[in-house]
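Structure record follows, encoded as structure tokens.
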Amino acid sequence: MASLLTHSSISPSNTRTQSCFVKQSKTFGFNVNNNNTTTTRHVKLSKRRPSIVTLCAAVQEQAPSFQLPDLTKDATLKSLKFKLLGAVSGLNRGLVASEEDLQKADSAAKEIEEFGGPVDLSADIDKLQGRWKLIYSSAFSSRTLGGSRPGPPTGRLLPITLGQVFQRIDILSKDFDNIVELELGAPWPLQPVEVTATLAHKFEIIGSSTIKIIFEKTTVKTTGNLSQLPPLEIPQLPEQFRPTTNRGSGEFEVTYLDSDLRITRGDRGELRVFVVS
């Protein structure tokens, strides 16, 4: 037995070493030293290492999936926005728009509306929140604040000059305020009076993209040199004296909406373009 162990190429003390090599994933060469005799053994493994293709496939299955942004779509939308802004710039919110200007603005707005697709305010209600600045209204081409509705005249040589127009929307309280800056003419030598009129409304959403506003009150606040005066609240007329139609309410459709641009079309066809303020 002793002679067998002496002449054996693998001693009992090396059996554990051999088993460890067998657990590896490819063929290894190793040396066994026994009484100054060196013998090289090759052990072929029973298990094969997974191929690099298999490992990559496993990583892809476990890795979280994500989608790269569509840069072409973003670039197209940006180009359409620039086209619309270019069509309405220089028109003083539509007050000096010609018939050709109206058509160009309407065409540019339609391109964005078609590109963006139908608006769903139930999903995008958060985008309404905030203060929006009116940069164009086709209604102002009629030279009145009311557009196709009756309204005071505007213009440098007329009693009222229109300043900036904003909409302030609170989706939680359902407040919808139209804020209009005006300059009221005064006879010489008096200076014009600057005021801010806030037309307060409540709003509700009808369907997927239509907003209905209900008028509540108008508040007028002087600015400039007379800013120290308190605001004046103009109450509604009693119910029996109000007109039977258009009792301070109206509807309009939101035809495009994102985080910085909103396009609407009124119940009488007015096109309005707003940017976030």
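Any residue in the range 173-192 that is part of a strand (DSSP E or B), at pLDDT 95 or above and in contact with a helix residue (DSSP H, G or I) (Cβ under 8 Å, 6 or more places away or on another chain)? No. Within the range 78-99, count every residue that is in a loop (DSSP other than H, G, I, E, B) and surrounded by 15 or more Cβ atoms within 10 Å (Cβ to Cβ). Qualifying residue count for the region: 3. Against the test of being in a strand (DSSP E or B) and in contact with a helix residue (DSSP H, G or I) (Cβ under 9 Å, 6 or more places away or on another chain), the options Leu102, Leu134 yield a single qualifying residue, Leu134.
The values are calculated or read from the model by the stated rules, or taken from the named source; none is laboratory data. This structure is a prediction, so every number in the text was calculated from the model and none was measured. When we count neighbours, we look across all protein chains shown, and the Cβ atoms used for this are built from the backbone with ideal geometry, even at glycine.
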